[in-house]
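The values are calculated or read from the model by the stated rules, or taken from the named source; none is laboratory data. Just so you know, these numbers come straight off a predicted model, no measurement behind them. For neighbour counting, all protein chains shown are included, and Cβ atoms are generated from backbone atoms with ideal geometry for every residue, glycine included. Note: areas computed on protein heavy atoms with side chains; ligands, DNA, RNA excluded. Shrake-Rupley method; radii C 1.70, N 1.55, O 1.52, S 1.80 Å.
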Amino acid sequence: MQSMIPDYLAEVLAAVESDTSGELAGYIPELAAADPERLGAAFATVDGEVYGAGDIDTEFTIQSISKPFTYALALSDRGFDPVLAKVGVEPSGEAFNEISLERDTGRPRNPMINAGAITTHSLAGAADLNAAERVARVVEGLSAFAGRRLRVDEAVCASEMEHAHRNLAIAHMLRSHDILTEDPRAVVDGYIRQCSVLVTARDLAMMAATLANRGVNPVSGERVIREPVVRQVLSVMATCGMYDAAGDWATQVGIPAKSGVAGGLIGALPGQIGMATFSPRLDVHGNSVRGVSLFERFSADMGLHVMEVPPAARAVVRSNHVVGAGTEATRVLQLQGGVGFAAAERIVRELVDTAPEEPTVVVDLTMVSSIDDVARRMLLEVARRLTLDGHEVYLVDPESVVPEPDPGDGGRVTVLDDVAELVR
Ligand code: GLN
């Protein structure tokens, strides 16, 4: 049998292929010379499988898709506070190249518009790096996300630099507010080099999958960024990634995303996949026309909207029964599935409502697949309160979903591998 996923991708590409609306990015002459017919889509899973159709190995410049990744590098290299002091996280609802800074502070509203991205470029790497070293840090960081050594397209870079008046104006504004502390021209040059890094749709899907995979590249296994940084970056992509189309995108597609003016578009679905499309013609917002259509299809066809309410999970309490009698009486609560806050609340309520009188209470986790931090703490608190009420508490946990359980403060639990060790 062959997987149906490449067939699906080929089918959606065929469905959007005839749409030739939109324009190439005319303000960068080299980009205006691109082949407008290119079209590709790739998915990378969090365990490193890549599916694709169309032009997924054609190189093009990353452009603004570099912004969330460089923001991640700045947060990692400098820490949150110094970065947040210079770049906000509020959607601006404006075009990517708007000369918009917060009125009093001169702080760019977010790292996805050019003002914010030029600033975050200056914050990547250690503070004492020179301009060339900073570019090297950024290219090395982007390469780690992609899992292969990336390089700069010098022709596109030179072409954009020649027409960079607007970005230079933004950088000078930033310098006048001391948001930038270096030579504005050197920072814009570095930022444009960052935008000129060559990638393929396959690379971009892998970069997005690294975000979806909590910051670990699914193929190389390298931890590129820490989880708090991933959450920050995905949040900013979700709210600001599509510029002045961010609201439409959030409602219709609902996948944290970022576009670039060379025609790339990425989406990262936490815990599931990284997606990328490539089609150079752009809409008025500077987003790829066919890329947006493709993502609308992906989201609708596969229910990928992050606000999609998951189907009701199986009841977490599989059974609640008593075995034995008298001093031997044992209450057995058998749980199942993945346990988060809502499921933990259901377990607590079950025990509150049934108010066990039996001397022994067994909580059987054999069929629990995962338990998150808050649920684990709630379960241990249940154990503590049951101990204080005079019960002997046992956890049946052969897979150690609750490793080294310590209910603290007067609580006591005994871990068993099998409920049969106690109840026959
Ligand atoms: N290098 C481009 C610029 O700064 C990136 C813009 C984009 O991809 N939206 O104008």
State, as an integer percentage, the relative contact order of region 311-424 based on alpha-carbon contacts under 8 Å between residues 6 or more apart. 23
log10 I(q)/I(0), Debye, Cα-only region 281-387, no solvent, q = 0.20, 0.23 Å⁻¹? -1.02, -1.23
Compactness relative to 2.2 N^0.38 Å, alpha carbon Rg of region 204-278: 1.05
Length-normalised contact order for region 163-240 - Cα pairs under 8 Å, 6+ apart - percent: 15
Going by Cα centres, region 372-424 and region 198-232 are how many Å apart? 36
Using only Cα atoms, tell me the angle between helix 184-195 and the longest principal axis of the chain; keep it within 0 to 90° and round to the nearest 10. 60
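Set the Förster distance to 25 Å, then compute FRET efficiency between residue 19 and residue 163 from the Cβ-Cβ distance, nearest 0.05.
Once rounded, the FRET efficiency stands at 0.35.
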GNM on the chain, C-alpha springs below 10 Å: top fluctuator among 263, 247, 324? 324
By how many degrees, 0 to 90 and rounded to 10, does the Cα axis of helix 373-388 deviate from the longest principal axis of the chain? 20
I'd like the orientation of helix 165-176 relative to the chain: the angle between its Cα long axis and the longest Cα principal axis, in ° from 0 to 90, rounded to 10. 60
Return the FRET efficiency for the residue pair residue 84, residue 183: r is the Cβ-Cβ distance, R0 is 35 Å, and the value is rounded to the nearest 0.05. 0.90
Tell me, what HN-Hα J-couplings in whole Hz come from the Karplus equation 6.51 cos²θ - 1.76 cosθ + 1.60 at θ = phi - 60° for each residue of region 313-323, using x for Gly and Pro? 6, 4, 3, 6, 8, 6, 7, 9, 9, 10, 10
Surface share of carbon and sulfur [accessible, 1.4 angstrom probe, percent] for the chain: 50
Mean Cα-pair separation over length for the chain, i.e. relative contact order, pairs under 8 Å, 6 or more apart, %: 16
The set of residues whose placed amide H lies less than 5 Å from the amide H of residue 396, leaving out same-chain residues fewer than 5 positions away, is 363, 364, 365, 416
Taking the Cα centroid of region 98-127 and of region 298-335, what is the distance between the two, rounded to the nearest whole Å? 46
For residue 353, project a label point 7 Å along Cα to C-beta. Then give me every residue of region 295-327 with its amide nitrogen under 11 Å of that point. 317
Percentage of interatomic Cα-Cα distances in region 260-314 larger than 19 Å: 36
When the solvent-accessible surface of protein heavy atoms is calculated with a 1.4 angstrom probe, in what order do 87, 306 fall, highest first? 306, 87
Mean projection of the alpha-carbon convex hull of region 58-117 over all orientations, in nm²? 4.7
Most mobile of 300, 276, 344 in a GNM of the chain (Cα contacts under 10 Å): 344
Could you tell me the convex hull volume per residue, in Å³, taken over the Cα atoms of region 158-230? 127
Most to least accessible of 378, 302, 275 (protein chains only, probe 1.4 Å): 302, 378, 275
Kirkwood hydrodynamic radius for region 155-281: how many Å is it when counted over pairs of different Cα atoms? 16.1
Projected-area mean, region 91-230, by convex hull of Cα positions, square nanometres: 8.9
Report the semi-axes of the equivalent ellipsoid for the chain in whole Å, largest first, where each axis is √(5λ) for an eigenvalue λ of the Cα gyration tensor. 50, 25, 18
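Gain in length, residue 323 to residue 2, computed as 0.36 nm per residue apart minus the alpha-carbon separation, to one decimal in nm?
110.6 nm
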Express in % the proportion of alpha carbon pairs of region 211-255 at distances exceeding 11 Å. 66
Which shape class applies to region 123-203: rounded if a/c is under 1.5, otherwise prolate when a/b exceeds b/c and oblate if not, where a ≥ b ≥ c are the square roots of the Cα gyration tensor eigenvalues? oblate
Can you give the convex hull volume of the alpha carbon atoms of region 364-424 per residue, in Å³? 74
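Subtracting the Cα-Cα distance from 0.36 nm times the residue separation, let me have the gained length for residue 130 to residue 417 in nm, one decimal.
97.5 nm
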Over 15 Å apart: what share of the alpha carbon pairs of region 319-373 falls there, rounded to a whole percent? 49
The base-10 log of I(q)/I(0) that the Debye equation returns for region 1-153 at q = 0.11, 0.14, 0.17 Å⁻¹, one scatterer per C-alpha, is -0.60, -0.91, -1.15
Dividing the Cα radius of gyration by the Kirkwood radius, what Rg/Rh value follows for region 216-337? 1.26
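Taking only the alpha-carbon atoms of region 65-157, what semi-axes of the equivalent ellipsoid follow from 5 times the gyration tensor eigenvalues under a square root, in whole Å, largest first?
23, 16, 12
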How high is the FRET efficiency between residue 172 and residue 313 when r is their beta carbon distance and R₀ equals 60 Å, given to the nearest 0.05? 0.65
So, for region 275-424, what is the accessible surface per residue at a probe of 1.4 Å, expressed in square angstrom? 52
Dividing the alpha-carbon radius of gyration of region 234-279 by 2.2 N^0.38 Å (N being the number of residues), what value is obtained? 1.06
Considering the dipole of the chain built from charges on the beta carbon (Lys and Arg +1, Asp and Glu -1) around the Cα centre, which of 16, 196, 313 is farthest to its positive end? 196
Per residue, in Å², the accessible surface of region 140-251 once ligands and nucleic acids are set aside, probe 1.4 Å: 40
Please give the calculated 222 nm ellipticity per residue for the chain, where each DSSP H segment of at least 4 residues contributes -39500 (n - 2.57) and the sum is spread over every residue; nearest 500 deg cm²/dmol? -12500 deg cm²/dmol
Those trypsin sites (Lys or Arg not before Pro) in region 72-103 that DSSP places in a loop and that have at most 15 other beta carbons within 10 Å: 103
